[in-house]
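Inspection log for the structure reproduced underneath, given as structure tokens.
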Amino acid sequence: MNHSEATPSRRAFLSSSGAGFAGLALSAILQQDSLGSSSGWLPPDGRPHFASKAKSVIWMFMNGGVSHMESFDPKPMLTKYGGKMITDTPYADVFSPKKLKIERVAAPIATRASTLFPMQDGFRKYGESGIEVCNNFPRIGANVDKLAIVRSMWTTDSNHGAQTQFHSGRHFVDGQFPTLGAWIHYGLGTLNDNLPQFISIGTRPYWNIRDGLYLGQTHDAVPLRIDPKSPLDYAAPEKEFAADARTIGIDLSRKLNAIKEDRYPADKSLAARIASYELAYRMQMSVPEVIDFSKETEATKKLYGLDDPNARDFGSQLLASRRFVERGVRFIQIQHGGGGAGAWDAHFHLRPAMVTLGSWVDKPIAGLLEDLEARGMLDETLVVFATEFGRTPGSQNGDGRDHHIFGFTVWMAGGGLKRGVVHGATDEIGFQAVENPHYVTDIHATILRQMGLEPRKLDVPGRKRLEIDYGKAIEEIIA
Amino acid sequence: MILVFDDKGNYIGDKSNVLSATFACEERQPAASAFDAAPTHHPGRDDRMNRRDAAGYEAEATGGARPFVHSLAAWRRSLRPAARWRRVFTASVALAVLFSLEAIASAESIDYEKQVKPVFAARCKACHGVLKQEGGLRLDTGALARKGGDSGQVIKPKDSAGSLLTVRITAQDPAERMPQEGEPLTAEQVAVIRQWIDEGANSPADEKTDRDPREHWSFRPIVRPAVPQIANKGWVRNPIDAFIAANHEHHELTPQGEATRSELVRRLYLDLIGLPPTPEQLQEASSDPKDDWYERLTDRLLESPQHGERWARHWMDIWRYSDWWGLGAEMRNSAPHIWHWRDWIVDAINSNMPYSEMIRMMLAADELYPNDLEKLRATGYLARNYFLFNRNLWMEETVEHVGKGLLGLTMNCAKCHDHKFDPIKQADFYRMRAFFEPYFVRLDVLPKQPDVSQDAVPCAFDGKPEEPTYLYVRGQEANPDKSKVITPGVPELFAFKELTIKPVTLPVQSYEPERRPWVFEAYLTTAKDSLARAEKAVADAGHKHEAAAKKLEDVVKSAPTDDKARIAAETAVADASAELHASTVDLEAARFEMDSVNKRAAAMRVLWVKEDGEKDNAKLAEAETSLAEEALRLERRAAVAKGLRAVTDLELRLRKADANAKPALDAELKAARDALSKAEQAAAVPAKDAHYTPLVGAKPSPIRFHDDFKDDPPLPFSKQSTGRRTALADWMVDKRNPLTARVAANHLWNRHMGTPLAANTFDMGRNSPPPTNPELLDWLAAELIDSGWDMKHMHRLIVSSATYRMSSDDKGHEANVAKDPDNVFWWRRNTIRLEAEVIRDSMLSLAGTLDPTRGGPPVPTDKEADSLRRSLYFFHSNNERNLFLTTFDGPMVTECYRREQSVVPQQALAMTNSRMVLEAAKPIAGKILASLKARASTVDDATFIGSAFVELLGNPPNAAELQASEQALAEWRKLPKASGDDAQSYFVWSLLNDNDFVTLR
């Protein structure tokens, strides 16, 4: 038998399929695991496990911990009892050790803030749903009928390791585990051969730098900057290199690798390397175009707040995200306010901080929702607004709030979720999630469901996952 | 819905999946039932846990396993009085069971394999299985279950009510109920078993009993297998090949021929020293006419100090080397100056220290060589696990990775429950922990550097020799079983000898490290040096002042009316004067410091003489008191002088500062003045109420286990070390230990060959795939032991095998490809995607720019871009990793038992665009050209191309490659000259982007 017929070369495959990688998960193409064929286990083939509702995710993560009482979870009783010790109010039982037991302390935490701190800003009702949103987010408020708000989140790490936890589902002391974006990247095939399928934008703190972990670095997000000159690491030559000379060189290494393929027809890593170079070249060509907004209308740019110095940074990231989604990128993970503990970490001066933060994100987020809707993309794009934890009903340092894991809010929009709904609730002072409480992996499970993935089917041999890792999809908010 | 967590705070979910989560670590339990619906933190549950464990220990202590007796009454009679207290009854639980029994009845008949056997396996077999037969009962097959135990049948087919098994699993009294460990069986499980019995307790006739774990390949004693007799004798170079050839012959595979000489030369260089040959070295090895060229080259490379640098990195992966990390400047993990351990590894490999000795030193050098800093460096292996905040996590990591890295055992799986696959009981996890329980980390003063923040050796030491180890119920730190202190020990299956733990009496220089001769020397030298510097500064300032005064004199003389010049000159004089004053104050501080160090040293020496035997010598006592007072006085004077120096310095800076900087400096000055006044106040306290600060020879690393933002009190250095880690190390490297040598041999094979013999390098237990060639692995392990754990011997053996020397090519071997496409039986060599460090180091080495400096502190992250040091020396921690190296799968510090060999687009971008690659191309081309020109007057394109191919890729080009290359060179030459590099450099850049540059064929 002619060997080269039995094993079509990478080139032949790429040219015959036209779309190259299309439909296949990167893991399936680049998988080199020694367990491989002999164990009978195969990596995901890139097809969803059932019909998907969403194709892409825009994951906006607010680093530092958004105060739920100054954003999406109004608590009038907080104002009523403001200044009182919680133990002197009808809510004294929030401190029962049993309820506080979920906390897993790995590094010191401050003493619990116990004097109630009134709501620092007003709320008003928006839209047909009449859901209340804080005055710091008027434009998001105007879009409230698109949102599915979950007001009953909880987590277990009272420190900013909870950022990792929100991405991976595990407390950082358990070790390092793949993040949601990595699972999706691992499970689903690509929609565009020219772009990385998993992109990370914004500063990530050290404890949250990697995604693939035991799934492999292949599934790490590709860090991207909204800088046309240097959007990716090593995106352009770091030393002057004449373009024509470079073209000749690239052509030559292409040719040489192709000749090598004839020399080593069964060398799988050679095939993968050729494919990886092709993707790299295409990424280099395609990415700058995506973050070049010159073809966007002024109206669109304005919609994202690009004309507003406060909103421009985040607006550019979100506009780029829409453009990536348009081109078929699966998962865009944006860290807002990253660096240090995070901009949302309002231990002091909470009120002015929230006003400022609102001016940074309100317009861009509203712009994204409106733009996606106008383009008919919102149904297939899941927009997530998340944060590692909420903030204490009690005051800290006189004018701030401390970290709070027992109840907080995140919301999602689009991607086949219900619109204009509130799910779950904290108690009257925003302390405990009391109605339909959800751990962070329930958000993961909901997103995976909408993306057509069954998390248990993604298990990797030898990597045991706990029940808690899978979470449960929040059926009540799925349309 | 009821929100449920386990006691560790893990969310378990809503009430419907409680049990499955509790045990989910290894195996998911069968579906939950009505009974499971009780929230996990039901108080009764924890009570039961405690009682159960207490019961277990008691049974163990008295050596009595309760027999499985016929009836409840008989069992009650057999109950020892001491155990009666345990018969506390949790009514609700039992009622729930009884109640649900009737509720769950199935119309379909029971499938033994699917429904019964898994329950026995998960819940019963630990005590009633192949390893252990409590009461003589085994439940690993249906037939054995029907056979019964010491007290007869436990199953009466078709009569579940009359079957003892049913009675025991539904017993209300927790002391009677089976299983004794863990939760009771669920109502559904009980119902299934009852129905199975009622249907006749049938099971397949051909059901096999479980295999005895003692028979598991890696748990058996290592016996050197006979070298197989094979037909293809001509191919065999050493016994390794006989084992490989036996498989070839069995599977009808034809071994691939030998690689080309240039491939072999590149292979040996990269494998043994991590650097490619220079053109001259390549030339020399390629033209060596002697038959033993390969062996001589191997020897030469193994003797090269670069061999240690290359192989150290392999072992650093496995031993989890990490520089320190934390939050900002707060050190939370690993240890500062841990690079001393890295240098020790390099040195140990280069001096061919036996692997057994390496393990002993890493685990226990502080007990074996308590005064030898060179050897103490080895305990960085333990120091690396340091974690500022939480002792439990520190200990868990230690046990986990001693298990995985040195023993190939997943001890960590037994943290919460008995291991599901291997003969490791939950208590074994804590027994292993007990070896490490006493150890902490300290920084030992090195010659010439008394300040441990600048440099010191991180060492392990038994800081809490009396610290008890408790078993944590279900692995929960908050739930220690304090009824029994766990003593150090190894899993029973591996207890081939009585473990004797002898406390080690330490030399005084170990627990009073300030007595080490170099310690005072370091303080004195440092003080002397700063004194010399201060003296020089005063002299310099004096000269400057003189010059300024002279200048002023000149100005006044030459231009008496030039006010501007005069004022400038006067200012210069004033500045110089202030500087002179400051340096004089500084000199005074340095003198006092010098005197203070001298005096403290003297006082401490006298103290030692007193302590060491002349306790009653009144004269000595008197001398000591007077020296101590003098030392204190000088120390205080030094402190005041230092305070004054700080104030003076700030005053000087304030004078020169612009308005913007002034407020900050003002604040600093205020603080300095406060400090000075404090020092002055302290100096006024009567000497009898104070004591000088002793000079220290080691400093314990801070710990903060109490969540109160404060360091815990520093740990004292004890006169005795427990000897536990020495005992563990000796057990580990005992010839009879079946694991240690197998694990090491497998790592050696993997790092040479790119694929291990046993696929799971950190888990050789029963849940891992067996090795592809177990006899070969055993033979290698035996060879490792019998050679005296000689690593270089093993390297030599492996690289000299015909197996190693094969070509990785598969062309022309279609029959082999069809039979063994994954090359499981080694009919060819596997290609290896080179390690990140090798890729970077190769480029620098080929360019001739590699900085060969060995050892020392790591290159800090912000200096790496410009550094030409070997990659091994880059700062490498959980938080800080070099981007280029990470792109090529540089190791994770948390765990890297095997290197990933990924192929991703980011690697292509790094190779095409990074400054390092772009800058390397030109000098690489230059080196190749220079080498060619040394041998021939003219160098044509074909020659250059051929040489570059061999040099960078390991093989000469074929005709097509040559033609494509020549064509490209011609095209580059057509370009306008302006565009920088020459055609040859461009060409080298293309070759650096060839698959084979990052591949070892």
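The values are calculated or read from the model by the stated rules, or taken from the named source; none is laboratory data. Predicted model only: the values in this text are computed from it and were never measured. In this analysis, Cβ positions are derived from the backbone assuming ideal geometry, glycine residues included, and neighbour counts consider all displayed protein chains.
A:Thr441 meets the conditions (1) within 14 Å of chain B (Cβ to nearest Cβ); (2) in contact with a Leu (Cβ under 8 Å, 6 or more places away or on another chain); (3) buried (at least 23 other Cβ atoms within 10 Å of the Cβ) in every case but one. The failed one is (2). Restricting region B:651-694 to residues that are among the basic types (Lys, Arg) and more than 21 Å from B:Ala574 (Cα to Cα), the residue that is surrounded by the most Cβ atoms within 10 Å (Cβ to Cβ) is B:Arg673. Under the condition of being within 30 Å of B:Leu885 (Cβ to Cβ), more than 7 Å from chain A (Cβ to nearest Cβ) and among the polar types (S, T, N, Q), the residues counted in region B:966-998 number 2.
State yes or no: is A:Gly130 modelled with pLDDT under 95 and either under 23 Å from A:Val440 (Cα atoms) or surrounded by fewer than 22 Cβ atoms within 10 Å (Cβ to Cβ) (or both)? In short, no.
Those residues that are touching a residue at least 60 places away in the same chain (Cβ under 8 Å) and outside any helix (DSSP H, G or I), I need them from region B:773-794; list them, please. I'd like the intermediate steps shown before the answer.
First pass over region B:773-794, keeping only residues touching a residue at least 60 places away in the same chain (Cβ under 8 Å): B:773-776, B:778-786, B:788-792.
Residues satisfying the conditions are B:Asn773, B:Gly788, B:Trp789, B:Asp790.
Sub-7 Å Cβ pairs linking a first residue in region A:292-303 that is closer than 17 Å to A:Phe314 by Cα to a second residue that is among the acidic types (Asp, Glu) and crowded, with 17+ Cβ neighbours inside 10 Å, at least 6 apart or interchain, are A:Thr300/A:Asp371; A:Leu303/A:Glu370; A:Leu303/A:Asp371, ordered by first then second residue. For region A:456-473, taking the residues that are away from chain B (no Cβ under 12 Å) and within 21 Å of the chain's Cα centre (by Cα), the one that is nearest to A:Trp154 (Cα to Cα) is identified as A:Ala473.
The helices (runs of 4 or more DSSP H) falling completely within region B:796-902 that include 3 or more residues that are in contact with a Ser or Thr (Cβ under 7 Å, 6 or more places away or on another chain) map to B:836-847.
Quick one: which residue in B:Ala948, B:Ala934, B:Ala942 is surrounded by fewer than 16 Cβ atoms within 10 Å (Cβ to Cβ), touching a residue at least 12 places away in the same chain (Cβ under 8 Å) and more than 10 Å from every other protein chain (Cβ to nearest Cβ)?
On the way: B:Ala948 fails: surrounded by fewer than 16 Cβ atoms within 10 Å (Cβ to Cβ); B:Ala934 fails: touching a residue at least 12 places away in the same chain (Cβ under 8 Å).
Going through B:Ala948, B:Ala934, B:Ala942 in turn, the sole match is B:Ala942.
The requirement of being within 18 Å of the chain's Cα centre (by Cα), modelled with pLDDT of 95 or more and aliphatic (A, V, I, L, M) is satisfied by B:Leu382.
Of all the criteria given as (1) surrounded by 16 or more Cβ atoms within 10 Å (Cβ to Cβ); (2) touching a residue at least 40 places away in the same chain (Cβ under 8 Å), the one not satisfied by B:Pro956 is (1). For region B:165-174, a tally of residues being crowded, with 19+ Cβ neighbours inside 10 Å and either among the aromatic types (Phe, Trp, Tyr) or part of a loop (DSSP other than H, G, I, E, B) (or both) returns 2.
Of the residues making up region A:271-288, those that are more than 7 Å from every other protein chain (Cβ to nearest Cβ) and at pLDDT below 85 are A:Ala271, A:Ala275. If the requirement is being farther than 29 Å from B:Pro891 by Cα and either more than 8 Å from chain B (Cβ to nearest Cβ) or surrounded by fewer than 16 Cβ atoms within 10 Å (Cβ to Cβ) (or both), which of these qualifies: A:Lys255, A:Lys268, A:Lys239, A:Lys229? The unique qualifying residue is A:Lys229. Within region B:900-922, being more than 9 Å from chain A (Cβ to nearest Cβ) and at pLDDT below 90 holds for no residue.
Condition (residue is away from chain A (no Cβ under 14 Å), assigned to a loop (DSSP other than H, G, I, E, B), touching a residue at least 60 places away in the same chain (Cβ under 8 Å) and under 30 Å from B:Tyr511 (Cβ atoms)) applied to region B:733-754: is it met by at least one residue? Yes, region B:733-754 contains at least one residue that is away from chain A (no Cβ under 14 Å), assigned to a loop (DSSP other than H, G, I, E, B), touching a residue at least 60 places away in the same chain (Cβ under 8 Å) and under 30 Å from B:Tyr511 (Cβ atoms). Just to be sure before I move on: is A:Phe385 in a strand (DSSP E or B), in contact (Cβ under 8 Å) with a residue 24 or more places away in the chain and closer than 25 Å to A:Tyr126 by Cα in the structure I sent? Yes: the conditions hold for A:Phe385. Take A:Asp292 and decide whether it is out of contact with any Ser or Thr (no Cβ under 7 Å at 6 or more places or on another chain) and within 14 Å of another protein chain (Cβ to nearest Cβ). Taking the combined requirement at face value, the residue does not satisfy it.
All of (1) under 21 Å from B:Asn995 (Cα atoms); (2) modelled with pLDDT of 95 or more hold for B:Asp786 with one exception: (1). Each residue in region A:325-337 was checked for being more than 13 Å from the chain's Cα centre (by Cα) and within 25 Å of A:Gly64 (Cβ to Cβ), and 1 of them qualify.
In region B:194-204, is there at least one residue being on the phi > 0 side of the Ramachandran plot, assigned by TED's automatic domain parsing to the domain that holds B:Arg168 and either free of Cβ contacts under 8 Å to residues at least 24 places away in the same chain or more than 43 Å from the chain's Cα centre (by Cα) (or both)?
So in region B:194-204, the residues on the phi > 0 side of the Ramachandran plot come out as B:200-201.
This time we only want the ones that are assigned by TED's automatic domain parsing to the domain that holds B:Arg168, so: B:200-201.
Subsequent filtering for residues that are either free of Cβ contacts under 8 Å to residues at least 24 places away in the same chain or more than 43 Å from the chain's Cα centre (by Cα) (or both) retains B:200-201.
Yes - at least one qualifying residue is present in region B:194-204.
Please count how many residues of region A:281-318 are aliphatic (A, V, I, L, M), in a helix (DSSP H, G or I) and under 23 Å from the mean Cα position of the chain (by Cα). Working first, answer last.
So in region A:281-318, the residues aliphatic (A, V, I, L, M) come out as A:283, A:285, A:287, A:290-291, A:299, A:303, A:306, A:311, A:318.
This time we only want the ones that are in a helix (DSSP H, G or I), so: A:283, A:285, A:287, A:290, A:299, A:303, A:318.
Checking which are under 23 Å from the mean Cα position of the chain (by Cα) leaves us with A:283, A:287, A:290, A:303, A:318.
Qualifying residue count, region A:281-318: 5.
Checking each residue in region B:215-225 for being in contact (Cβ under 8 Å) with a residue 60 or more places away in the chain and exposed (fewer than 12 other Cβ atoms within 10 Å of the Cβ) picks out B:Pro221, B:Val223. All of A:Leu26, A:Leu100, A:Leu30 fail the test of being modelled with pLDDT under 90 and closer than 30 Å to B:Ala815 by Cβ, apart from A:Leu30.
Considering every residue within region A:366-378, establish whether at least one is in a loop (DSSP other than H, G, I, E, B), modelled with pLDDT under 95 and farther than 23 Å from A:Ala445 by Cβ. Write out each step before concluding.
Filtering region A:366-378 for residues in a loop (DSSP other than H, G, I, E, B) gives A:375-377.
Next, from what is left, pick out any that are modelled with pLDDT under 95: none.
Checked region A:366-378: no residue is in a loop (DSSP other than H, G, I, E, B), modelled with pLDDT under 95 and farther than 23 Å from A:Ala445 by Cβ.
Residues are listed down the side, and each one gets a yes or a no for (1) surrounded by fewer than 21 Cβ atoms within 10 Å (Cβ to Cβ); (2) charged (D, E, K, R):
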{"residue": "B:Ser800", "(1), (2)": "yes, no"}
{"residue": "B:Ser807", "(1), (2)": "yes, no"}
{"residue": "B:His813", "(1), (2)": "no, no"}
{"residue": "B:Asn816", "(1), (2)": "no, no"}
{"residue": "B:Pro821", "(1), (2)": "yes, no"}
{"residue": "B:Arg828", "(1), (2)": "no, yes"}
{"residue": "B:Arg833", "(1), (2)": "no, yes"}
{"residue": "B:Val838", "(1), (2)": "no, no"}
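Would you confirm whether any residue within region B:781-793 is surrounded by fewer than 21 Cβ atoms within 10 Å (Cβ to Cβ), of a type in the set (S, T, N, Q) and closer than 22 Å to B:Ile359 by Cβ? There is at least one residue in region B:781-793 that is surrounded by fewer than 21 Cβ atoms within 10 Å (Cβ to Cβ), of a type in the set (S, T, N, Q) and closer than 22 Å to B:Ile359 by Cβ. Scoring B:Leu885 on the criteria (1) aliphatic (A, V, I, L, M); (2) more than 30 Å from B:Asp763 (Cα to Cα); (3) within 38 Å of the chain's Cα centre (by Cα) leaves a single failure, condition (2).
So is B:Pro858 within 12 Å of chain A (Cβ to nearest Cβ) and surrounded by 20 or more Cβ atoms within 10 Å (Cβ to Cβ) or not? Answer is no for this residue.
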